[in-house]
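A short worksheet on the structure shown next.
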Amino acid sequence: MENAVGPSSPSSPPAQLAEVWARIRGRLREEVGEVEYRTWLRQMTLSAIQGEEAIVLLPTRFLRDWVRGHYGDRLRALWQAEIPAIRRIDFRVTPEPRATEPAPAAAPVAADPPRQAPRPAPLRAPEAAEAPAGLAEPLGRSAPAAEARPADPRSDWTAPLDPRFTFDTFVVGKPNEFAYACARRVAEKPASPGFNPLFLYGGVGLGKTHLMHAAAWAIRESGAAEGRPPLSVAYMSAEKFMYRFIAALRSQSTMEFKESLRSVDVLLIDDLQFLIGKDNTQEEFFHTFNALVDAGKQIIVSADKSPSDLSGIEDRLRTRLGCGMVADLHATTYELRISILQAKAQSQGVPVPPKVMEFLAHKITSNVRELEGALNRLIAHANLFGRPVTLEGAQEVLHDILRAHDRRVTIEEIQKRVAEHYNIRLTDMSSPRRARNVARPRQVAMYLAKQLTSRSLPEIGRRFGGRDHTTVMHAVSRVAELMQADSAFAEDVELLRRMLET
Ligand code: ADP
Ligand code: MG
């Protein structure tokens, strides 16, 4: 074999080989497109060239088989175009990081930047307990750092856990003690009879997401504490579930999607109400649900209503959802609001006089998120101006929020303001037009109507051209999601809210 490339006769030194490999991957990427490349091929690394063979590593058996089956021939052709001596590609599963088996004979070649050995799955990695990684990556981690980690196909569709949302930081009171106890119980003994699925429901900002993340963190940590590999936990919103599913359908990778979903030990789906009316996605969720429960895996679901009140959900799914433990989070009481304020002020290390807390707990009754927001604003002000938090100061700083709670805005005012703001006709608020430039402002108006008035969803729907309450509900959740994702949009909505409140 005159042209063989190997450690004994390295006709291409590793640096050059790395370039060749980069070129091959670049071509493949161009050929298959970014999405497909990212889904299947990004995690490929070149281990070595041995004789006529290129040894290519992939992190899981599933990926290895898939890449071999779908891209094997093409990869070989690309290799041959670069180095004719290469006749075969040996696709292998990346050895475990601590495996003792000797490295392949040839020197490893620096390939993709993340050269460290890919781990099986972020949450199975024992070190995940100290350093949040993968699923549990803290929000706002910089993109390059995330890029440097070997990507798991799952990390694409699971959402990070918020490090602030743990059982320790959850304040327990009458309205939420049952839900809290259930979440704790499930975290201690996942998939025990009677608690699977755990269905948590309650209004906006009452702590559903917080409890779910807390359970997810605890389940992960319990593995480390007991010296066994942590269970793999996947958390995502139902909306994300839907998008991933639709994307998988489009890119014909539903197999991979299903496989990765069904390989988790604990699946948490937040805000299930997003699946209302999405038949395909519900169907897929139903099957995933059954497969996991049958395999003795735990499912935790949250929604804004109980299973029996969730309209637009297929009956068989509704039945399944309600057959484990159903726990609701009630609206907060004055006592709970005080306890939450005390806990939050203490964790921030800023003294807040009891009078101020009482004032807030009396005035801001809608949900914990708003209460927290008000307190944070006071603390930020105090820090900024180096002044202690006082009752007078609080009244001043929070006058907009407080006024909103005193004064009732009408739906007509909201529609008028929003229409003006987005420069659409007032009649479009109740017209059937679905063009986005009209539909989005209408959703914003519905959202504000829900936030600022005490009207029920069906009532709001009626005022927007006789729309169904599920349409309003969807609008409210959609706007809330968008506000989280898009700060410019959030500012816009906040501005409208402030204008309406004053
Ligand atoms: P939901 O998902 O029900 O809309 P979240 O879980 O996102 O509500 O809670 C909104 C905010 O309020 C979060 O910042 C959360 O930490 C906080 N929160 C809600 N309930 C509690 C509680 N009992 N103790 C401490 N913080 C809470
Ligand atoms: Mg939530």
Residues of the stretch 182-202 being open to solvent by 30 Å² or more (accessible area, probe 1.4 Å) and in contact (Cβ under 8 Å) with a residue 60 or more places away in the chain, which ones? PRO190, ALA191, GLY194, PHE195, TYR201
Of all residues in the stretch 185-214, count the ones that are over 14 Å from ILE299 (Cα atoms) and more than 16 Å from ligand 2 (Cβ to nearest atom). 0
When the stretch 371-383 is examined, which residues are found to be exposed (fewer than 14 other Cβ atoms within 10 Å of the Cβ) and of a type in the set (A, V, I, L, M, F, W, C)? ALA380
I'd like to know if the stretch 430-446 contains one or more residues that are among the small types (Gly, Ala, Ser), assigned to a loop (DSSP other than H, G, I, E, B) and in contact (Cβ under 8 Å) with a residue 40 or more places away in the chain. no
Quick check on my filter: what residues within the stretch 253-270 are over 22 Å from PRO229 (Cβ atoms) and surrounded by fewer than 22 Cβ atoms within 10 Å (Cβ to Cβ)? SER253, THR254, MET255, GLU256, LYS258
Tally, over the stretch 148-170, of residues that are open to solvent by 30 Å² or more (accessible area, probe 1.4 Å) and either in a loop (DSSP other than H, G, I, E, B) or modelled with pLDDT of 90 or more (or both): 8
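Per-residue answers, yes or no, for (1) touching a Cys at 6+ places or on another chain (Cβ under 8 Å); (2) open to solvent by less than 50 Å² (accessible area, probe 1.4 Å); (3) within 27 Å of LEU371 (Cβ to Cβ); (4) at pLDDT below 90:
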position	(1), (2), (3), (4)
ILE424	no, yes, no, no
MET429	no, yes, no, no
THR453	no, yes, yes, yes
GLY461	no, yes, no, no
THR470	no, yes, no, no
VAL476	no, yes, yes, no
GLU491	no, no, yes, yes
Name the residue that is surrounded by the fewest Cβ atoms within 10 Å (Cβ to Cβ), counting only residues in the stretch 301-318 that are more than 19 Å from ASP468 (Cβ to Cβ) and in contact with a Leu (Cβ under 6 Å, 6 or more places away or on another chain). PRO307
Which pairs turn up if I take residues in the stretch 206-233 that are open to solvent by 20 Å² or more (accessible area, probe 1.4 Å) and look for partners that are away from ligand 1 (no atom under 16 Å from the Cβ) and of a type in the set (Gly, Ala, Ser) with beta carbon separation below 7 Å, at least 6 apart in sequence or on another chain? GLU221/ALA129; ALA224/ALA129; PRO229/GLY223; LEU231/GLY223
Can you find, within the stretch 334-370, the residue that is nearest to the chain's Cα centre (by Cα) among those that are touching a residue at least 40 places away in the same chain (Cβ under 8 Å), open to solvent by 50 Å² or more (accessible area, probe 1.4 Å) and more than 16 Å from ligand 2 (Cβ to nearest atom)? SER347
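The values are calculated or read from the model by the stated rules, or taken from the named source; none is laboratory data. These figures come from a predicted structure and were not determined experimentally. Glycine also receives a Cβ, built like all others from the backbone with ideal geometry; neighbour counts cover every protein chain displayed. All accessible areas refer to the heavy atoms of the entire protein, side chains included, with ligands and DNA or RNA removed. Shrake-Rupley method; radii C 1.70, N 1.55, O 1.52, S 1.80 Å.
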